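Encoded as structure tokens, the structure appears first; notes follow it.
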Amino acid sequence: MRSGVSYADVCRYRAEAPEGFLGFPAVCGRDQLMASYLTAASRILEIGAGERPFRNVLEQFNGIYKTMDVDPDQQQDYHSIDDIAEIFDAIIMREVVEHLPRDLCFQYFRKIHRLLSPGGVLVLSTPNPFSPWMWCDYTHISHWPPRDMHGILRAHGFEKVEIFRIIWPSRWLWLKKIYWYGHSRFFKIDYAGSYVAVGRKP
């Protein structure tokens, strides 16, 4: 079944993004970064919510927060994205897309675009395929290079796409970043274990 987005579509938009992963900024605080894009939202949907740990990050959020997860043993508002017909200001996916085959992920993106209100935002995180930690989980079946993710989101109608590589804070971080930067340029291995991608519906 054709996804509706071709390889040529992705390549055209991928050209807008930096060629190497070092062209994307590295920041600390994945969940805090994701939450910062949700401050204007009054209706939020989390896809792949699991036990809803991200809800605790949004302590001051008083709007509508709904969840979807395919696991039938989890208590969620929805267990299938096909059952969702509401409109949301923001949709989040934390560490979900790496578990989805490409065509299914593209179906999700098409559906998400329809579920977002005009000006709504999609915020997702996923392991960085340039990091050695990408394949540490056998349930990770799809890798999504950040430059490709930029092209994929643009090809699905999202605008103002931003991507941030996520590093974990530690002592002497500034010194580690200097070493990691040189190491990454030489070996093409990224020290950022994941990244956050943000796309907006026009």
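Of the listed residues ARG52, ARG165, ARG171, the order by accessible area with a 1.4 Å probe, largest first, is ARG171, ARG52, ARG165. 3J(HN,Hα) along the range 151-157, derived from phi through the Karplus expression 6.51 cos²θ - 1.76 cosθ + 1.60 where θ = phi - 60°, amounts to x, 5, 5, 5, 5, 8, x Hz, with x in place of Gly and Pro. Using a 1.4 Å probe on the protein chains only, how many percent of the accessible area of the range 1-54 belongs to carbon and sulfur? Result for the range 1-54: 53 percent of the exposed heavy-atom area is carbon or sulfur. Taken per residue, the accessible surface of the chain reaches 52 Å², heavy atoms only and a 1.4 Å probe.
Per DSSP H run of n ≥ 4, the term is -39500 (n - 2.57); total these for the chain, divide by its residue number, and report the mean residue ellipticity at 222 nm rounded to 500 deg cm²/dmol. Mind showing how you got there, number by number?
On the way: 5 runs with 54 residues, N = 202.
Only helices count here, giving -8000 deg cm²/dmol.
For HIS79 and GLU51, the difference between the fully extended length at 0.36 nm per residue and the C-alpha to C-alpha distance is 8.8 nm. The loop-placed GluC sites (Glu not before Pro) in the range 16-87, going by DSSP, that have at most 13 neighbouring Cβ atoms within 10 Å of their Cβ come out as GLU16, GLU19, GLU51, GLU59, GLU86.
Surface calculation, 1.4 Å probe, protein heavy atoms: CYS136 sits at approximately 100 Å² accessible.
How would you classify the range 1-113 from its alpha-carbon gyration tensor, with a ≥ b ≥ c the square roots of the eigenvalues: rounded for a/c under 1.5, else prolate if a/b is greater than b/c, otherwise oblate? It is oblate, given that a/c is not under 1.5 and a/b is not larger than b/c. Amide H contacts of GLY120: LYS201, each under 5 Å away and 5 or more positions distant or on a separate chain (H built 1.01 Å from N in the peptide plane; Pro and chain starts excluded). Per the Debye calculation on the chain with a single equal scatterer at every Cα and no solvent contribution, log₁₀ I(q)/I(0) for q = 0.14, 0.17, 0.18, 0.19 Å⁻¹ amounts to -0.83, -1.22, -1.36, -1.49.
Atom-type composition of the exposed protein surface of the range 73-121 places 46 percent of the accessible area on carbon and sulfur (1.4 angstrom probe).
Lysine pair count for the chain (Cα-Cα distance under 30 Å; residues 8 or more apart in sequence or on different chains): 10.
The values are calculated or read from the model by the stated rules, or taken from the named source; none is laboratory data. Keep in mind that what you see is a predicted model, and the values were worked out from it rather than measured. Cβ: placed from backbone, ideal geometry, glycine included. Neighbour counts: every protein chain shown. These accessible areas exclude ligands, DNA and RNA; they are computed on the full protein's heavy atoms, side chains included. Shrake-Rupley method; radii C 1.70, N 1.55, O 1.52, S 1.80 Å.
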